[in-house]
Amino acid sequence: MHEAAKRLNEVLEQNVPHVYEMLSELGRALFFPKEGILNQSAEAKAKAKRFNATIGIALEDGVPMHLDVIQSHLADFSPNDLYNYAPPAGKPELRSLWREKLLEENPSMQGKHFGNPIATNALTHGLSIVADLFADAGDAVILPDKNWENYELTFGVRRGARMVTYPLYDASGSFNAAGLEQAILSQKDRGKAIVLLNFPNNPTGYTPSIEEGDAIVAAIESGAKAGVNVVAVTDDAYFFLFFEESLKESLFGKLCDLHPRILPVKVDGATKEEFVWGFRVGFLTFGAESDQALAALEQKAMGIIRSTISSGSHPSQTFVLKALQAPEFKQQKQEKFEIMKGRANRVKTVLDSGRFDEAWRYYPFNSGYFMCLELKRVKAEELRVALLERQGIGTIALGQHDLRIAFSCIEEPDIEALFDAIYETERELAGSTQN
């Protein structure tokens, strides 16, 4: 093992021993090469006043060399904010501004110990960093039965972890905190669990109430008190899109400083929050009471970034930074929120009409991009294919009977027509099955 990795491990073992125990074999071996090219380039940038022959870019007239056919479309931005490599952890000013944003939008994070957000290539990249750092073959990844399919690839296929699921909803249609607690406690013998909390949930669009959120935190704390080291990951991809009475902040803040056996990790980003899907700008934030431990975890995460993508997109980070700094940012974002809320409310109005009760029920939803139908008479895949072939309508089939609808991409006046068409096709399939 490299000496730099050993030193980081020693810092973690001395300051947060349970977090050190959570690391995967790869996680323990990771480090950021401070003595390497990037460090020497940084030193040269500060001191090489005559000639700097260290960095692997081309310069012309003192700025990064570029083509006018590209720069002409980006005239509002300095070449220095576009063409240089971004630091592996992201533009410092963007990281600081995102931290300020987190504190403003999540009151429970005030006064808690957590690191500076690390820029990632959107949220999937952040989740893969978490998987590399903490998931070994056979480790349990605990998540609800209704979840984003990419978790299986990221934690299961890539790292060999086991997916341990529990029902998302209990008998009353509330979040199943008891099921979560039972799943965590089932890992007592192994002594470790990675818990994925995704709210608003993909695929159901559900966010727990404040009381349900407290029950989730209590379930995780119960596991920690029972001796389970818990990596508690809040996947906050659809943060801020809360349309009804529910939690309106991440559970990350309440998990910070809660118990020595709990490592909160926040994964979020501009991707969905600021409607810039293709920019691929996400963030990864660790919570730990020790500043030295936070620095060590950041170094390990940077080691993964350096060894995989080297650094994220500088132009995308610049665009997001400028947007966050713009005086019109909050107003424009609120306008888009109202559009999304209108679509979600319209979906509920249409579904609550009672016209479709024989065909399906819908799972509770109150936020995000999606909602799910639980089909009563036909199989989801059959309906999905029939909708494509007969109506030209795209939906997502999940399991035997769940059909995911992304109302985020349907204009509000078209929502009733969408569900009428789904119902028409469902009736045709149900009739042919009965005959």
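Listed here are the strands (runs of 3 or more DSSP E) enclosed by the stretch 94-180 that have at least 2 residues being under 19 Å from the mean Cα position of the chain (by Cα) and crowded, with 22+ Cβ neighbours inside 10 Å: 118-120, 140-144. Of everything in the stretch 213-236 that is over 20 Å from the mean Cα position of the chain (by Cα) and of a type in the set (Asp, Glu), the residue that is nearest to Asp402 (Cα to Cα) is Asp214. Of all residues assigned to the stretch 88-101, at least one qualifies as being among the acidic types (Asp, Glu) and either on the phi > 0 side of the Ramachandran plot or without any contact (Cβ under 8 Å) to a residue 40 or more places away in the chain (or both). Being modelled with pLDDT of 95 or more and in contact with a Pro (Cβ under 9 Å, 6 or more places away or on another chain) is a description that does not apply to Leu297. Whether a residue is surrounded by fewer than 23 Cβ atoms within 10 Å (Cβ to Cβ), under 19 Å from the mean Cα position of the chain (by Cα) and part of a loop (DSSP other than H, G, I, E, B) was assessed, and Phe239 does not pass this test.
Of all residues in the stretch 14-43, those satisfying the criterion of being buried (at least 20 other Cβ atoms within 10 Å of the Cβ) and among the β-branched types (Val, Ile, Thr) are Val16, Val19. Only one of the listed residues (Gly223, Gly205, Gly227) is free of Cβ contacts under 8 Å to residues at least 60 places away in the same chain, part of a loop (DSSP other than H, G, I, E, B) and more than 21 Å from Ile129 (Cα to Cα). That residue is Gly227.
Residues considered: Leu67, Leu127, Leu74, Leu82. Of these, the only one that is at pLDDT 95 or above and aliphatic (A, V, I, L, M) is Leu127. Applying the criterion of at least 1 residues that are small (Gly, Ala, Ser) and over 26 Å from the mean Cα position of the chain (by Cα) to the helices (runs of 4 or more DSSP H) found wholly in the stretch 14-63 leaves 37-47. What tally of residues in the stretch 255-285 results from selecting those that are closer than 17 Å to Met22 by Cβ and among the acidic types (Asp, Glu)? Total satisfying the criteria: 1. Screening Ala406 with (1) in contact (Cβ under 8 Å) with a residue 60 or more places away in the chain; (2) within 30 Å of Glu249 (Cα to Cα) gives one miss only, at (1).
Across the stretch 191-202, the qualifying residues are those that are part of a loop (DSSP other than H, G, I, E, B) and under 14 Å from the mean Cα position of the chain (by Cα), and the one among them that is farthest from Ser246 (Cα to Cα) is Asn202.
When Val195, Val164 are checked against the criterion of being touching a residue at least 40 places away in the same chain (Cβ under 8 Å), of a type in the set (A, V, I, L, M, F, W, C) and closer than 23 Å to Leu123 by Cβ, Val195 stands alone in meeting it.
Within the stretch 271-323, restricting attention to residues that are part of a loop (DSSP other than H, G, I, E, B) and among the small types (Gly, Ala, Ser), the residue that is surrounded by the fewest Cβ atoms within 10 Å (Cβ to Cβ) is Ser310.
The values are calculated or read from the model by the stated rules, or taken from the named source; none is laboratory data. Everything numeric in this text was worked out from a predicted model, so none of it was measured. When we count neighbours, we look across all protein chains shown, and the Cβ atoms used for this are built from the backbone with ideal geometry, even at glycine.
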